[in-house]
Amino acid sequence: MGTGDASPSETRDETMPLLPFKEEQGVMGYSIHEFNGASFSGAVFNLSTTIVGAGIMALPDSIKMLGIVPGILMIILVAFLTEASIDMLLRCSHEGEVTSYGRLMGNNFGKWGRIALQASVVINNLGIMIVYMIIIGDVLSGTSTTGVHNPGVLEGWFGSHWWNSRPVVLLAATLFVLAPLVSFKKLDSLKYTSAVSVALAVVFVVITAGIAIVRLIQGTAEVPKLFPKIDEISSIWELFTAVPVLVTAYICHYNVHSIDNELEDRTQTKPIVQTSLALCSTVYVATGLFAYLLFGEGTLSDVLANFDSNLRIPFSDVFNDMVRVSYVVHVMLVFPIVFFALRLNLDGLLFPTSGHISLDDRRFTIISVSLLAVIYLAANFIPSIWDAFQVTGATAAVLIGFIFPAMIILRDSYGVATKRDKVLAITMIVLAVFSNSVALYTDAVNIIYRKAEV
């Protein structure tokens, strides 16, 4: 089902790969012989890169809140639920010969179902993109949002200059790193940068694990708690706030169809998803466990901020810089993967009856440049947006990852749902709505409480 020849009356297939597969000879010079399908490893790296983003830095705090045993079990449970929800989407899509998440929602719930999905992806991914840009600015140029200036890596190395100020550093990163990466029109083109990104996440885990083990041997590490400490009812409610963080850490559903469509053999999609989730779960468990062992009850909500202090080992400053720089490069390489789905779904919202965006250089360029400009400006002028995007991101992520797939399997337009599928779908909706409602309430209370203190 190519989208380049879609009629204006059709709902455009907004989440297909940016490079169509059907005969496009003579259109922008592409032919069917130019791309013969993505590789298994390339698809695994791209999906893993979609999963492992900024959420990895919040996992240690989740382990601190839940305790080691429940925390690790929750990471594994959410991985299994994520695999189940993706399997629901793919079985329905393959049975109905549907090539995108948006078209699947449209086929099941009409125009507004498609729009709801596209809007959720845009909200979720735009928030993630801005957070990524803020992280790049904070690490390289420093931040003063708390009232105390925390110097960035470049300032620490070279001192404070105009060229390592936040606006200049972010502009340079946007023009010379991010803009070239987001200009690719198919995900498989990013398989090598995705492989490097995954490798950098592993580097972060290895460094953190190494330091934690050294501290344990030295006897300078705190004794971690295996289970949460519950003093009162409010402590129980606080535990639920860790759930949306774990859910958000696994959201990759918006890129699954794009990866599925680029495979020559679509039966590989399920093992690709399982391999990616196993890889990311291993990284998540190791990150959460060793970072919590390293920093104990002093673990911050963004553990990267912990690597701005004395680690109480030789060459502490060197290891701090290695962790921060490797993570910034990781974020830069994750950026185009998440941007891919953001651009495609925004185009679907703005131009639902137009041809595929890959066949219109002008539209492709305008949307890409506009999004980069919005993200750049937001990261410069609205640096304290963690709470706002925790709310919008968690809400949109839960819809994308669990509620929409569950609704599709309950509607069962293609007759693929088993009784087990429907029970699991209802369970996912109940868990998602409950945990997300608690998170929204807790975030709102925390924001109001902080404002009252000012």
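The values are calculated or read from the model by the stated rules, or taken from the named source; none is laboratory data. A quick note: this is a predicted structure, and the numbers were derived from the prediction, not measured. All Cβ positions, glycine included, derive from the backbone under ideal geometry; neighbour counts span all protein chains shown. Protein only, heavy atoms only, side chains kept; ligands, DNA and RNA dropped before computing areas. Shrake-Rupley method; radii C 1.70, N 1.55, O 1.52, S 1.80 Å.
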| said: From the phi angles alone, apply the Karplus equation (6.51, -1.76, 1.60; θ = phi - 60°) to the range 431-439 and give each ³J(HN,Hα) in whole Hz, x where the residue is Gly or Pro. | reply: 4, 5, 5, 5, 5, 5, 5, 4, 5
| With all protein chains present and a 1.4 Å probe, how do 41, 368, 160 order by accessible area, largest first? | 160, 41, 368
| message | For a quick check: with amide H placed at 1.01 Å from N, whose amide H comes under 5 Å from residue 263's, ignoring anything fewer than 5 positions away on the same chain? | response | 38
| How much accessible area does residue 95 have with a 1.4 Å probe, in Å² rounded to the nearest 10? | 110
| said: Using alpha carbons only, how many angstrom separate the centre of the range 244-265 from the centre of the range 297-326? | reply: 31
| note | Rh (Kirkwood, all Cα-Cα pairs) for the range 55-185, Å, reads 18.8
| task | Kindly sort 103, 362, 215 by accessible area of their heavy atoms, largest first, with the probe set to 1.4 Å. | result | 362, 103, 215
| message | Need the full-extension length gain, residue 183 to residue 302, defined as separation in residues times 0.36 nm minus the C-alpha distance. One decimal, nm. | response | 39.8 nm
| query | Does the range 230-358 come out rounded, prolate or oblate by the C-alpha gyration tensor, with a ≥ b ≥ c the root eigenvalues, rounded set by a/c under 1.5 and, if not, prolate when a/b is larger than b/c and oblate if not? | reply | prolate
| message | Using a Förster radius of 30 Å, what is the FRET efficiency between residue 214 and residue 39 based on their Cβ-Cβ separation? Nearest 0.05, please. | response | 0.20
| With each pseudo-label sitting 7 Å past Cα toward Cβ, what's the residue 274-residue 373 distance in nm, one decimal? | 4.8
